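Here is the structure we will look at, set down as structure tokens.
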Amino acid sequence: KGDLFEELDKNINVISLETKNALSSVIKLSKLIRKVKPHIAFSTLRYINFINILSCYLSFTRVKIIIRETNHHSEIKKNRGLFDYIIDYSYHLANKVIALSNGVKEDIILRTKINPRKISVIYNPVDLEAINLKKKETLTNEDINFEKDILKLVNVGHLEEQKGQEILIKAISKINNFPFKLYIVGEGNSRDYLSKLILELGLSKKVFLLGYKKNPYKFIFNSDIFVLSSLWEGFGHVIVEAMACGTPVIASNCKSGPSEIIHHNYDGILITPGSINELKSKLIELMNDKSKRNELSKNALEKARKFDREKIIKFYEQVFN
């Protein structure tokens with residue numbers, strides 16, 4: 001289920017285990033594995049990885065287990081409990097582990113103590129062809145009235161503590177005497193808090209929470225600067241998407257991913273995570289320098305090609321084969 005389910009290729013067979021939660025699906029999944037006899041059981045979320053591993057071993061088959069981790073879990077959860085250690089130990093039972101970035105790989109090794117040679121780093125793919133089509137879709141008044149005579153800043157991400165929109169809003173509250181607007185695309189648990197913060201700082205005419213948008217690319221493409229203010233990431237996939245739109249990027253150099261994507265001051269700008277003053281300073285610098293924005297844009301478009309899906313697919317094929 002979900003907003004993107006309809007985009008799934010119709011040739012992919014989807015089987016619902018019809019269970020209330022992941023843990024209660026273990027027995028049904030192990031029986032399904034015994035019945036289907038797949039060559040590979042692949043999963044891509046930390047808790048689901050544990051369910052996958054447990055189900056495969058209870059199936060008593062020779063299925064190969066490949067798991068993928070997408071976030072920096074030491075940053076997400078500082079105080080780990082017994083179940084966290086059990087999940088970490090279970091990773092030793094997988095045949096292969098895919099990490100979304102080198103930073104995520106280092107975190108997996110630190111937490112689980114598994115052999116580094118078992119881990120492959122494969123970055124998120126971007127569908128450059130699809131983005132090029134979607135970014136050119138017309139913005140309607142129903143979307144938002146993008147004024148042409150002011151600079152437009154955009155942030156895309158879940159409205160959660162991790163994404164650091166609070167830091168971004170506080171940073172732009174310190175920028176005066178400059179015509180700009182900030183558009184935040186995304187939905188999440190922090191919406192009410194951020195809405196109140198916008199009102200408290202007197203930014204209701206400068207900052208707009210647009211909610212979830214099925215096509216965020218047209219908003220990024222029509223903006224002058226993309227800002228990622230995250231406190232931590234697994235990779236920072238939206239950075240590459242912004243690059244593919246040709247929009248200059250300012251991103252926090254958080255754990256982990258942004259520094260593996262951005263060559264600082266060449267195809268993007270990296271700042272200290274959580275630094276309101278540094279973010280304000282770099283925003284002002286880039287807002288005042290159109291030639292710098294154009295240079296970053298050109299180099300970013302070139303960098304995005306590194307993450308094209310056709311290149312990334314080959315890495316997955318190597319692991320699966």
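The values are calculated or read from the model by the stated rules, or taken from the named source; none is laboratory data. Keep in mind that what you see is a predicted model, and the values were worked out from it rather than measured. Cβ sites come from the backbone with ideal geometry, for glycine too, and all protein chains shown count toward neighbours. Note: areas computed on protein heavy atoms with side chains; ligands, DNA, RNA excluded. Shrake-Rupley method; radii C 1.70, N 1.55, O 1.52, S 1.80 Å.
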Next item on the list: Working only within segment 181-201, note down all residues that are touching a residue at least 24 places away in the same chain (Cβ under 8 Å) and open to solvent by less than 60 Å² (accessible area, probe 1.4 Å).
Entry: Lys181, Leu182, Tyr183, Ile184, Val185, Gly186, Gly188, Ser190, Leu194, Leu197, Ile198
Check: Does segment 18-27 contain at least one residue that is under 24 Å from Phe235 (Cβ atoms) and assigned to a helix (DSSP H, G or I)?
Finding: no
Next item on the list: Check whether at least one residue in segment 136-143 is open to solvent by less than 60 Å² (accessible area, probe 1.4 Å) and assigned to a helix (DSSP H, G or I), and report yes or no.
Entry: no
Next item on the list: Kindly check whether there is at least one residue in segment 74-96 that is assigned to a strand (DSSP E or B), at pLDDT 95 or above and open to solvent by 10 Å² or more (accessible area, probe 1.4 Å).
Entry: yes
Next item on the list: Please tell me if Ile167 is touching a residue at least 12 places away in the same chain (Cβ under 8 Å), in a helix (DSSP H, G or I) and more than 30 Å from Val63 (Cβ to Cβ).
Entry: yes
Note to self: For segment 204-226, check the following and say yes or no: at least one residue is free of Cβ contacts under 8 Å to residues at least 40 places away in the same chain, open to solvent by 20 Å² or more (accessible area, probe 1.4 Å) and in contact with a helix residue (DSSP H, G or I) (Cβ under 9 Å, 6 or more places away or on another chain).
What the structure shows: yes
Next item on the list: Within segment 28-64, track down each residue that is of a type in the set (D, E, K, R) and either under 13 Å from Ala94 (Cα atoms) or surrounded by 20 or more Cβ atoms within 10 Å (Cβ to Cβ) (or both).
Entry: Arg46, Arg62, Lys64
Note to self: Could you check segment 26-79 and list, in sequence order, the residues that are without any contact (Cβ under 8 Å) to a residue 24 or more places away in the chain and within 30 Å of Glu161 (Cβ to Cβ)?
What the structure shows: Asn52, Lys77, Lys78, Asn79
Item checked: Residues of segment 288-321 satisfying the condition of being among the hydroxyl-bearing types (Ser, Thr, Tyr) and surrounded by 16 or more Cβ atoms within 10 Å (Cβ to Cβ) -> Ser297, Tyr316
Checklist line | Filter pass, Leu153 being open to solvent by less than 60 Å² (accessible area, probe 1.4 Å) and either in contact with a Ser or Thr (Cβ under 6 Å, 6 or more places away or on another chain) or under 30 Å from Phe221 (Cβ atoms) (or both) | finding: yes
